[in-house]
Amino acid sequence: MTIRESSSAAPAFDVVALGELLIDFTQNGKSGQGNLLFEANPGGAPANVLAMLRKLGKRCSFIGKVGRDSFGDLLAGTVEEAGIDIRCLSRDEDIPTTLAVVHTQPNGDRDFSFYRKPGADIRLSADDLDRDLLQNCRIFHFGSLSLTDEPCRSATREAVRIAKEAGALLSFDPNLRPPLWQDDEAARREISWGLKQCDILKIADNELEFMTGEVDFHRGAELLKTRYPNIRLLNVTAGSDGSYSLSGSHWVYEPACKRGGVIETTGAGDTFCACVLNYVLEHGVEGLSESSLHSMLHYANTAAWIVTTRKGAIRSMPEPEEVERAL
């Protein structure tokens, strides 16, 4: 008998996330010879989300695959150090850990170059999944990067099926990275599949336009809700312009935290996403008032700003006390 089959037992984990775990090489000055220096920062959107949730005291587990190499060792150690369960972190004996080079623009935005053809994360297969783990979480979180290639695409679909059948809420972040897709149509097709599954959606402004053709956030959000009525909480992030939330008949806007000191935006959206999931875990996903949505977004925006003042993501997540002081 699994834990979920026992009517008296609570789920073992608050959030289980599946997806990429990789090294973000971020710019960190220049050498004495004038060459760019890059710092190896452990990252990957799903793991970033879990790292912030752990800071907020939630029980988390990660499903993914890294290489049997020094970068894989670094990632496994970093995730475990963050307090995240890694029983389902597999190691590939033949394919190296996925790498990303992050080029930071003057405003803190980023361009990505990926070394992932192939990369260990896309070698995750359905055989690597732990059914008991997926049946015993309150929220299952995933993104679109695990849908770009096989066998990881099939593994993601199977994990979603198991978690959904077990009654977990499903959280989805498109996290669009065009260089990783064969073409835009393939990206739209797989992101649309993710949108059809989720209860909670975090989508960036450029992704909203990509999927709807709308530049007006409210019209775009309403269009997604019409196409995908399964979405119960829809949040749009707009960088330094703030964030929006659509829940039931409520549409609210909360301005970004603008205190300066922005270095780069890596991990900001993931921090925001984690804070939203934390709010849902503590308050539920139904019947949220306008006041509740404002409070949720205000906290998430503030935590996201703190991350932009640091390099990297997993090791840069703020403590709750830091967020409270900034609020």
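The values are calculated or read from the model by the stated rules, or taken from the named source; none is laboratory data. Since we're looking at a predicted model, the values are computed, not measured. Quick reminder, even Gly has a Cβ in these numbers, built from the backbone with ideal geometry, and neighbours come from all protein chains shown.
Filtering Ala17, Ala9 for residues that are crowded, with 21+ Cβ neighbours inside 10 Å, small (Gly, Ala, Ser) and either at pLDDT below 95 or assigned to a strand (DSSP E or B) (or both) leaves a single hit, Ala17.
The numbered conditions (1) closer than 18 Å to Glu290 by Cα; (2) out of contact with any strand residue (DSSP E or B) (no Cβ under 7 Å at 6 or more places or on another chain); (3) free of Cβ contacts under 8 Å to residues at least 40 places away in the same chain are all true for Leu246 except (2). Summed over region 287-318, the residues that are outside any helix (DSSP H, G or I) and within 16 Å of Cys257 (Cβ to Cβ) give a count of 4. Taken over region 63-76, residues that are crowded, with 24+ Cβ neighbours inside 10 Å and of a type in the set (D, E, K, R) amount to 1.
Among the residues of region 70-126, those that are of a type in the set (Gly, Ala, Ser), assigned to a loop (DSSP other than H, G, I, E, B) and modelled with pLDDT of 95 or more comprise Ala82, Gly83, Gly119, Ser125.
Taken together, Ser171, Ser113, Ser154, Ser125 contain a single residue that is touching a His at 6+ places or on another chain (Cβ under 8 Å), over 22 Å from Ala274 (Cα atoms) and not hydrophobic (A, V, I, L, M, F, W, C), which is Ser113. In the condition set (1) charged (D, E, K, R); (2) more than 20 Å from the chain's Cα centre (by Cα); (3) closer than 20 Å to Met52 by Cβ; (4) modelled with pLDDT under 95, Glu254 is compliant with all but (4).
Considering only residues in region 28-49 that are among the polar types (S, T, N, Q) and surrounded by 11 or more Cβ atoms within 10 Å (Cβ to Cβ), the one that is nearest to Asp14 (Cα to Cα) turns out to be Asn48. Looking only at residues of region 50-62 that are in contact with a helix residue (DSSP H, G or I) (Cβ under 7 Å, 6 or more places away or on another chain) and not in a helix (DSSP H, G or I), we find that the one that is surrounded by the fewest Cβ atoms within 10 Å (Cβ to Cβ) is Lys58. Between a residue in region 118-129 that is more than 11 Å from Glu158 (Cβ to Cβ) and any residue that is in a helix (DSSP H, G or I) and among the small types (Gly, Ala, Ser), which pairs come within a Cβ distance under 8 Å, given they are 6 or more apart or on different chains? So the pair list comes out as Ala120/Gly72; Asp121/Ser146; Ile122/Ser146. Selection within region 118-150: residues that are among the small types (Gly, Ala, Ser) and surrounded by fewer than 23 Cβ atoms within 10 Å (Cβ to Cβ). The member of this set that is nearest to Gly44 (Cα to Cα) is Ser125.
Restricting attention to region 253-288, and to residues there that are of a type outside the set (Val, Ile, Thr), in contact with a strand residue (DSSP E or B) (Cβ under 7 Å, 6 or more places away or on another chain) and more than 23 Å from Gly43 (Cα to Cα), which single residue is surrounded by the most Cβ atoms within 10 Å (Cβ to Cβ)? The qualifying residue surrounded by the most Cβ atoms within 10 Å (Cβ to Cβ) is Leu288. Across region 20-40, which residue is nearest to the chain's Cα centre (by Cα) among those that are modelled with pLDDT under 90 and polar (S, T, N, Q)? Filtering first and then ranking leaves Thr26.
Right, Glu322: surrounded by fewer than 24 Cβ atoms within 10 Å (Cβ to Cβ), of a type outside the set (Val, Ile, Thr), free of Cβ contacts under 8 Å to residues at least 60 places away in the same chain and in contact with a strand residue (DSSP E or B) (Cβ under 7 Å, 6 or more places away or on another chain) or not?
no
Could we say that Arg153 is surrounded by 15 or more Cβ atoms within 10 Å (Cβ to Cβ), outside any helix (DSSP H, G or I) and in contact with a helix residue (DSSP H, G or I) (Cβ under 7 Å, 6 or more places away or on another chain) here? So Arg153 does not fit the description; no.
A single member of Gly213, Gly239 is farther than 20 Å from Arg138 by Cα and at pLDDT below 95, and it is Gly239. Take the residues in region 156-177 that are in a loop (DSSP other than H, G, I, E, B) and crowded, with 20+ Cβ neighbours inside 10 Å, then tell me which one is farthest from the chain's Cα centre (by Cα). My answer is Ala168.
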